[in-house]
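This report concerns only the one structure given below.
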Amino acid sequence: MEKQGFAIREFTIEGRNAVIEAYRSGKPIDKVFILDGCKDGPIMTIKREAAKHDTMIKYVSKERLDQMSDTGKHQGVIAYAAAYEYAQVEDILENARKKGEPPFIFLLDNIEDPHNLGAIIRTANLAGAHGVIIPKNRAVGLTATVARTSAGALNYTPVAKVTNLSKTIEELKKEGLWFVCADMGGTTMYDLNLTGPIGLVIGNEGEGVSRLVRENCDMIASIPMKGDIDSLNASVAAGVLAYEILRQRWNG
């Protein structure tokens, strides 16, 4: 798969046969837009393939599909394919084992802006994280914009996509990881022990970390701020906390 210099439209697939063939060839599909009310044979095949691969389906109007279409020949279906292959959570843990380091993983709770996701993946790589985990629904996937913004980090930092972030946290706790999430109401990050196997949870740009995910975290970290506004951009918050974790790991 080509990893650099691609355009966004290379990962938009239009037309019934094209989408079916993309699934059958094993291409990772992030999202499928289907004409609302359409139930003919090829569309039902696409819906079965989407269910089999746990792809999010959105039912939209013909006007919406026409607006999205580059070719004007969408035939009632447009799919967004991932620019990069997704890893498994186990691949991320194996990455840490190979390096002989306690796991350091970013978990992103419904990041919707591709520029934020790309910037966070870049930060994860530079801060020495072993991988990034994102949810399958209500979040941006590995689009071409994400790949470009990551500035090459996607070549080195595995990204896994999971159905349920809270369940994944519970499973990773069995591997010995502790979890810290960014939230304004938490303990100042300088007063927390962020060494050892750790998962850093960053929330949605507008709503922050969801309640269920926050309740599954072991620590809540707040970033000291002295300005006149009350929050940081999600990717900036990820960078500040990641480098406090890196500082403690180095000093620990």
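The values are calculated or read from the model by the stated rules, or taken from the named source; none is laboratory data. Computed from a predicted model, the values in this text were never measured in an experiment. Please note: Cβ atoms are built from the backbone with ideal geometry, for glycine as well, and neighbour counts cover all protein chains shown. Calculation scope for accessible area: heavy atoms of the full protein, side chains included, ligands and nucleic acids excluded. Shrake-Rupley method; radii C 1.70, N 1.55, O 1.52, S 1.80 Å.
Can you tell me which residue within the range 150-177, out of those that are out of contact with any Lys or Arg (no Cβ under 7 Å at 6 or more places or on another chain) and open to solvent by 40 Å² or more (accessible area, probe 1.4 Å), is nearest to Val236 (Cα to Cα)? My answer is Tyr156.
For Asp191, the test of being surrounded by fewer than 20 Cβ atoms within 10 Å (Cβ to Cβ), farther than 19 Å from Asn110 by Cα and of a type in the set (Asp, Glu) is passed.
Applying the selection to the range 182-218, what residues are under 21 Å from Gly128 (Cβ atoms), over 16 Å from the mean Cα position of the chain (by Cα) and outside any loop (DSSP other than H, G, I, E, B)? Answer for the range 182-218, where residues must be under 21 Å from Gly128 (Cβ atoms), over 16 Å from the mean Cα position of the chain (by Cα) and outside any loop (DSSP other than H, G, I, E, B): Ala182, Met189, Tyr190, Ile198. The set of residues from the range 235-251 being of a type outside the set (D, E, K, R) and under 16 Å from Ile105 (Cα atoms) comprises Ser235, Ala237, Ala238, Gly239, Val240, Leu241, Ala242, Tyr243, Ile245, Leu246, Gln248.
Within the range 177-206, residues that are at positive phi reach partners that are of a type in the set (Phe, Trp, Tyr) with beta carbons closer than 7 Å, at six or more positions or on different chains, in the pairs Gly196/Trp178.
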